[in-house]
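Here is the structure we will look at, set down as structure tokens.
The values are calculated or read from the model by the stated rules, or taken from the named source; none is laboratory data. Just so it is clear, the structure is predicted and the values come from calculations on it, not from any experiment. Backbone-built Cβ (ideal geometry, glycine too); neighbour counts: all protein chains shown.
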């Protein structure tokens, strides 16, 4: 009799061919004195090389170094020329002090703990419209709980509210059946925005890149557009969007519209227009173009990154294809229900006349006006630095200045085994505690160097951050001056 586990499973070679089968047993037929070392089935050599080669600059080596420095400051205060790490690397507003929107949190809290709706003291603690909204939502969720799986596309009442919000924003109908609620929002053909024209998209260059891809045997299926832009902060004009829509229609490409910064518009005269709205205003319908639009609760004035809520609106796909998309969504069961509720609130916030509206509008406007001021101040500060140019941040949460680094700095970076912008951001971190993202993590034009910096640190700390940056930059340029 044998104890043990019979795997009877094929062992595969790298190309996927089954090369042998074997049975793993308990080792009863091994000699008693055998002490053969067991090989760990997972090693750095055995994992997929694509994992090893993957890079995410926003949380890459600079951030790992920052976390190590933070631990050193905690265990040994005064060990560095700064007393805190300032994370300007990622759009994570609440981690840098931004307060959540009261109405959103009240509704989510009541939905997560619906027994509060029956308590008389709740009316003294929560606004009346938050209570009525939470009651409406929770009573339409099967089981009246946020702790159970939902429909794989998302709770129906949440998708209804999201569709209503899209329709109100765009002035064109939206179908709840086109909405897939998600937990937040592969190699491609590179296209470089024109920095000299405010990070504009040039259609002729886009066509050239597509033709080059076709000539190389690459099948291009979609175009991804982030508007407002990350990391560049530009807001596309409606004319530019029309060009993009026509390009996708004529070339048979799916338009993937990342529109998570749609509330973050700071430049005077600039407005957000969804790509779906632009397409509909051009007379294009579902039969003419496939558009997938993305929205998230992590950005905007809400900044609820930890809630992991978002949606995609899928228009123009044939029903049989959409059925396959639903099947894929079903594999993951559903997105988290509290995030679903929050994204429905983002798309359907309090309206004038609601009891929460004045507080909601005050909180929203305070956050957005402060972000606009910070964007302006940081852009101006960057442009005062030697060898730095920075386009205005028209939207989103970042500035993306270009660094004209001295040749000596580029040589020193190479000797250290780093790209020049990584070298700069590493020196910045070690000298000041400020964390920025090297532009090389975003696919910048070859031969240029940038950094991405968020505008999210609190307004009262902005002056001190700029002073640290200015002092460091002057010393850096002096050290490596050609």
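Some notes on this structure:
- Check on residue 383, in a helix (DSSP H, G or I) and more than 19 Å from residue 95 (Cα to Cα): yes
- Test: residue in segment 47-54 that is touching a strand residue (DSSP E or B) at 6+ places or on another chain (Cβ under 7 Å) and modelled with pLDDT under 85: no
- Matching entry among 335, 293 (being crowded, with 21+ Cβ neighbours inside 10 Å, in contact with a strand residue (DSSP E or B) (Cβ under 7 Å, 6 or more places away or on another chain) and over 17 Å from residue 169 (Cβ atoms)): 335
- Residue within segment 356-378 that is in a loop (DSSP other than H, G, I, E, B) and either over 23 Å from residue 232 (Cα atoms) or not assigned by TED's automatic domain parsing to the domain that holds residue 151 (or both) present: yes
- The one condition from (1) modelled with pLDDT under 95; (2) surrounded by fewer than 23 Cβ atoms within 10 Å (Cβ to Cβ); (3) not in a helix (DSSP H, G or I) that residue 236 does not meet is (2).
- If the condition is being touching a strand residue (DSSP E or B) at 6+ places or on another chain (Cβ under 7 Å) and more than 15 Å from residue 472 (Cα to Cα), then segment 405-421 contributes 419, 420.
- Evaluating residue 428 against the criteria (1) modelled with pLDDT under 95; (2) touching a strand residue (DSSP E or B) at 6+ places or on another chain (Cβ under 6 Å) leaves one unmet condition, (1).
- Residues within segment 448-464 that are under 29 Å from residue 367 (Cβ atoms) and under 24 Å from the mean Cα position of the chain (by Cα), tallied: 11
- Of all positions in segment 207-217, none carries a residue that is in a loop (DSSP other than H, G, I, E, B), in the same structural domain as residue 151 (by TED's automatic domain parsing) and in contact with a helix residue (DSSP H, G or I) (Cβ under 9 Å, 6 or more places away or on another chain).
- None of 405, 385 is in the same structural domain as residue 460 (by TED's automatic domain parsing), modelled with pLDDT of 95 or more and touching a helix residue (DSSP H, G or I) at 6+ places or on another chain (Cβ under 7 Å) except 385.
- Scan of segment 81-109 for residues that are assigned to a helix (DSSP H, G or I) and surrounded by 23 or more Cβ atoms within 10 Å (Cβ to Cβ), ordered by number: 93, 103, 104, 107, 108
- The condition of being in contact with a helix residue (DSSP H, G or I) (Cβ under 6 Å, 6 or more places away or on another chain) and in a helix (DSSP H, G or I) holds for only one of 298, 338, that being 338.
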